[in-house]
Amino acid sequence: MTDQDRNALLAAAVRLRTEGHKEEARQQLLSLSAAFPADAEVAYQTAWAHDVLGLEAEAVSFYERSLEGTGLSEEEHRGALLGLGSTYRVLGRYEDAVGLLRGGLERFPDHGAMRTFLAMALFNTGEHHEAVRLLLELLATSSDDPYVQRYRAAIEYYAQDLHATM
């Protein structure tokens, strides 16, 4: 199979997934992944195809393979980190999720979804204060709600110490 064939088959499988033909996309991506086992982009798309079908346990090895390889765009790399971190959390691998998502935020500090999934994983590990802090900071910096913005300074202050009084 040529690189041109690979590109066409990958594009077709992604199109199938986005159009709602998830199982057909997964089957095509499994075949493509078998033909290109070291291809990070194919592994990422295969992981995603499993994830959208609720097949998280099967998605893990593809996410891991995608992150071990090279060739992911920056957006795909962010997606693979978020996907794997979220999948670890869903599977009860909370410490793995926290470690991966913290590392992801070091590389992509402004990624709001990654902060949110890290907060959920932190909650699962009992780190409630850190989880709420992350969510309050995200709320204060990203909300368009005029009332949140009116109290932004207070929200940011309390995010640092939920036990503080003004």
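Structure above, values below:
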quantity: Taking Met120, Met114, Met1 and counting other C-beta atoms within 10 Å, the order from fewest to most; calculated: Met1, Met120, Met114
quantity: Contour minus Cα-Cα distance for Thr125 and Asp5 (0.36 nm per residue); calculated: 38.7 nm
quantity: Helix-only mean residue ellipticity at 222 nm for the chain, each DSSP H run of n ≥ 4 adding -39500 (n - 2.57), per residue, nearest 500; calculated: -24500 deg cm²/dmol
quantity: Viscosity 0.692 mPa s, 37 °C: Kirkwood-radius Stokes-Einstein D of segment 1-72 over Cα pairs, µm²/s; calculated: 280 µm²/s
quantity: log₁₀ of I(q)/I(0) at q = 0.09, 0.11 Å⁻¹ - segment 34-166, Debye sum with one point per alpha carbon; calculated: -0.32, -0.45
quantity: Relative packing of 125-134, 82-91, 148-157, which averages over residues the other C-beta atoms within 10 Å, highest first; calculated: 82-91, 125-134, 148-157
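Any read-out appearing in this document is the output of simple, stated calculations on the displayed coordinates, not a laboratory observation. Model, not experiment: these values are computed from the prediction. Methodologically, a virtual Cβ is constructed for each residue, glycine included, from the backbone with ideal geometry; neighbour enumeration extends over all protein chains shown.
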